[in-house]
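The values are calculated or read from the model by the stated rules, or taken from the named source; none is laboratory data. What you see is a predicted model, and the numbers here were worked out from it, not measured in a lab. Please note: Cβ atoms are built from the backbone with ideal geometry, for glycine as well, and neighbour counts cover all protein chains shown. Note: areas computed on protein heavy atoms with side chains; ligands, DNA, RNA excluded. Shrake-Rupley method; radii C 1.70, N 1.55, O 1.52, S 1.80 Å.
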Amino acid sequence: MRATRCHHRLRTALALGAVTAATAFASAPAASAVVSPPSAGSSQICVPVSGGWLVEMNGFGSSFPANTTGTTTFTFANGDVVTLEATTNVEGIYHTATFMLDLRIPAYAALIGTNVYETADFAGATSSLTFDLVPCPTAPDSRAGCLDGIWQSYPGLGFLNQGDCVSWIATEGKNEPGKNVP
């Protein structure tokens, strides 16, 4: 689906921040070594598909050891675990591959708003955070949210077709979905 064209994309960049705690190494000259602790985060994007939504997720982080391979693990409230491998660049930054959570599956839809626990471990440098799984839109908020088949992402509203969705937007909800008579 065309996630880049979806006006209902949600992006949650959750990171433990760029916490810059000045830590001088005993072996380094005084006041010359400043190290940021490793930080990990996650991005979540709602992608419309026929009959609902997918949440596209990946992990990222910074201040890990350079050029090392490690893992980022996402643990969901239902006990499901996704572990992804990645390699840091010369600056200690990594991005994992993307995975999809299909919210059309009731067990996954039930996870919306629950905590996801994420850990990252690269060469013994670890970071963790807890974040909420984002909800995807329950209704379009503009004409663009009806186009290119995105209207099918709102099965609970009962749109018959794209025009039915556009009409609902144009009348600010006064033309009820599925009840428009030509």
For Phe64, state whether it is crowded, with 19+ Cβ neighbours inside 10 Å and not in a strand (DSSP E or B).
yes
Mind checking which residues of segment 128-157 are open to solvent by 40 Å² or more (accessible area, probe 1.4 Å) and part of a loop (DSSP other than H, G, I, E, B)?
Pro135, Thr138, Asp141, Leu147, Asp148
Given the options Gly92, Gly124, Gly178, name the one that is exposed (fewer than 14 other Cβ atoms within 10 Å of the Cβ) and out of contact with any helix residue (DSSP H, G or I) (no Cβ under 8 Å at 6 or more places or on another chain).
Gly124
Can you tell me which condition Ala40 does not meet? The list is (1) part of a strand (DSSP E or B); (2) surrounded by 18 or more Cβ atoms within 10 Å (Cβ to Cβ); (3) modelled with pLDDT of 95 or more, and all the others hold.
(3)
Please specify each residue of segment 158-173 satisfying the condition of being touching a helix residue (DSSP H, G or I) at 6+ places or on another chain (Cβ under 8 Å) and open to solvent by 50 Å² or more (accessible area, probe 1.4 Å).
Asn161, Gln162, Ala170
